[in-house]
1. Of GLY213, GLY201, which residue is outside any loop (DSSP other than H, G, I, E, B), more than 16 Å from the chain's Cα centre (by Cα), at pLDDT 90 or above and closer than 30 Å to MET94 by Cβ?
2. For ILE107, work out the one condition from (1) closer than 24 Å to GLY143 by Cα; (2) part of a strand (DSSP E or B) it doesn't fulfil.
3. For region 200-230, what are the residues that are touching a Pro at 6+ places or on another chain (Cβ under 7 Å) and either open to solvent by less than 30 Å² (accessible area, probe 1.4 Å) or within 22 Å of SER158 (Cα to Cα) (or both)?
4. What's the number of the condition GLU95 fails, among (1) closer than 30 Å to VAL214 by Cα; (2) in contact (Cβ under 8 Å) with a residue 60 or more places away in the chain?
5. Restricting region 60-102 to residues that are open to solvent by less than 70 Å² (accessible area, probe 1.4 Å) and of a type in the set (Val, Ile, Thr), which is farthest from VAL6 (Cα to Cα)?
6. Just a yes or no: is a residue in region 181-191 closer than 22 Å to GLY68 by Cβ, part of a strand (DSSP E or B) and among the hydroxyl-bearing types (Ser, Thr, Tyr)?
7. Is it the case, given these coordinates, that PHE184 is surrounded by fewer than 20 Cβ atoms within 10 Å (Cβ to Cβ) and of a type in the set (Phe, Trp, Tyr)?
8. Test ILE66 against the stated conditions and say whether it is part of a helix (DSSP H, G or I), within 20 Å of the chain's Cα centre (by Cα) and modelled with pLDDT of 95 or more.
Amino acid sequence: MPEYRVVKLGRKPLAAPVAHHWAIQVDDEWYEIAPKEKSGGGSPNKINRNYGDVAASGAGQLGGEIVGKTDKTNEQIDFWLELWLNRNPEYEIMEDNCQKLAYEFMIWLTDNNYRCDHRVDAGNIDTKDREFWATDGFAAAKGGNAIASFGLGQGHVSKGPINMKVKVGQASAQAVAGPGFGAFADATVADVSISAGNLGGAHVGLNANTGVGVRNGNAEAHLLGFGGKIGADGLEINTPVGGVNVCSVM
């Protein structure tokens, strides 16, 4: 029987809420594009690793968030990262960047069985070659965060700052006791969202999300789909059939 390890996403605001640095943690080890290499473009991509609650860059200070579980071994991870660097040898702020690595790494680690509702600031990411109908779920707990999630299918495409995401049959229950606090029950029949990074966007679908608290750097409150959130991801107003989001200066 395979051994599963928790996968977490850590973020660090660079110009909140417009730009963020992303990193991925597997068990207790962090992986991220080396911040000192991020000089705007043309510099070689390099992956930093470190152990601890927070990535070397500071990503994860908001507590990080559980996005899934993986049965990939350290040897498999090393091989995948080497292939990724061969395909993306140079850092490009709008294309081959920290968020592209984190998103594609997360999808591969979890076999597309993940939960991540953040908008990508910028990056060339295309998941159409992945199996969309990945009917599965996961349950995990770590560092004051416990979540159980189930979904029928999801896909994400971004070109530079333009993002599009589709979700079908998503449901989760989450309890947060630090960093942050609260209880959340999210249920989405279907949802299609499009955005220009964190500058602004909209989504349409059908949901009954309910919960109140602080998670992932945002304070939020929803009741049967009505509500909103504000924080690291800007300002978002939601209804059971859709919503809009814009960046807000914090």
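The values are calculated or read from the model by the stated rules, or taken from the named source; none is laboratory data. In this text the structure is predicted, and so the values were computed from the model without any measurement. So basically every Cβ, Gly included, is an ideal-geometry build from the backbone, and we count neighbours across all protein chains shown. For the accessible areas, the whole protein counts, side chains as well, though only heavy atoms, and no ligand, DNA or RNA atoms are used. Shrake-Rupley method; radii C 1.70, N 1.55, O 1.52, S 1.80 Å.
1. Of GLY213, GLY201, the one residue that is outside any loop (DSSP other than H, G, I, E, B), more than 16 Å from the chain's Cα centre (by Cα), at pLDDT 90 or above and closer than 30 Å to MET94 by Cβ is GLY201.
2. It fails just one condition, (2).
3. ASN207, GLY225
4. (1)
5. By that ranking, first place goes to ILE77.
6. yes
7. yes
8. The answer is no for ILE66.
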